[in-house]
Amino acid sequence: MAEVILKAEGLVKHYPIKSGVIQRTTGHVRAVEGVSFELYEGETLGVVGESGCGKSTLGRLLMRLEEPTAGKVTFNGVDMYSQTGHDMRRLRRDIQIVFQDPYTSLNPRKTVGDIIGEPFDIHPEVCPKSERNKRVRELLDLVGLSPEHINRYPHQFSGGQRQRIGVARGIALNPKVLICDEPVSALDVSVQAQVVNLLERLQRELGLAYIFIAHDLSVVRHISDRIAVMYLGHIVEIGDDEQIYERATHPYTQALLSAVPVPDPQVEATREQIVLTGDVPSPANPPSGCPFHTRCWKATEKCSAEVPQLVAHPDGGAGHLSACHYAATLG
């Protein structure tokens, strides 16, 4: 059995809403609400959900680019939020991130060599200056770019090539965990496949574990070992590929899957699509009880009064968790 490398426990992130001349706090945006999960060595955990559900905030919390309101993250048994100074800097070597937008995440004033080599300025013990150019060229070759492009600038590359540069920067320090924050959402479909295939190859060769954040269910299914579905800051269902895509138990997951088009027109014509009513509630004023009950066709009074816990589903199999009072009755 693979060991747990990263663990989130009760992660909460609230952003204050300030108003008036003296900027008094009048409320909070509840971006992440009590998220807990485990990431195992060498696996890919996909995180999916609508825009604004808290996926990217969760990624920043795992990197400690944001400080949590509550909860903790442990990496190899070490509490990340208790680390300071040199200890935290050392820990950051093992957890890196690839950002969503390949156009704004690269400094246009720096060459590709400087961008990929920048982590070595912060962590000179990883690669001495005399070896830096050689290592950067190796990284360019590893992600499928010509080492001869080391002195080019970001504007001289396509979107897919820029994302490869971002991946090269992310793996420069030989991390154990790579957080991919919607790394293919800004790319064409054909280029998306190339980047996903690159990530899969690097995982096999380097033994990486991924947190793969996305809103495209087909991309997530292709690359993920397990999938966590987020809604309004909560993880509402988590399980492996078959459990989520073939035996989904949460109404929100079922609605997401029903919206994915099927390439067979005959199957598509007979397939029942779940149409959700209403809009996603504001995270500044979330509903009581189950966060999904305002749009759920199975909601009862219990759903508006009690928050369902993320627990094992009776018929879902090992590791299949669902946060629904009536998950066991869903068809």
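Summary table below
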item	result
Subset tally (residues that are among the charged types (D, E, K, R) and either within 19 Å of V29 (Cα to Cα) or crowded, with 18+ Cβ neighbours inside 10 Å (or both)) for the range 65-76	2
Count - residues of the range 13-42 that are surrounded by fewer than 17 Cβ atoms within 10 Å (Cβ to Cβ) and out of contact with any Leu (no Cβ under 9 Å at 6 or more places or on another chain)	15
Near pairs, Cβ below 8 angstrom, 6+ apart or cross-chain, from the range 186-204 (over 23 Å from D225 (Cβ atoms)) to any residue that is outside any helix (DSSP H, G or I)	A186/Q100; A186/D101; A186/P102; A186/Y103; V191/S158; V191/V184
Residue within the range 209-219 that is over 14 Å from the mean Cα position of the chain (by Cα) and crowded, with 17+ Cβ neighbours inside 10 Å present	no
Subset tally (residues that are more than 12 Å from F292 (Cβ to Cβ), surrounded by fewer than 10 Cβ atoms within 10 Å (Cβ to Cβ) and not β-branched (V, I, T)) for the range 265-278	4
Qualifying positions in the range 1-60 - in a strand (DSSP E or B), charged (D, E, K, R) and touching a Gly at 6+ places or on another chain (Cβ under 8 Å)	E9, K13, R30, E33
Residue, nearest to the chain's Cα centre (by Cα), within the range 73-114, restricted to residues that are closer than 13 Å to H155 by Cα and among the β-branched types (V, I, T)	T104
2 or more residues over 21 Å from L11 (Cα atoms) and touching an Asp or Glu at 6+ places or on another chain (Cβ under 8 Å): qualifying helices (runs of 4 or more DSSP H) within the range 169-247	217-223, 241-246
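No value in this document is a laboratory result; all are computed from the given coordinates. From a predicted model like this one, the values you see are computed outputs, not experimental measurements. Ideal geometry is used to build each Cβ from the backbone, glycine not excepted, and the neighbour counts take in all protein chains shown.
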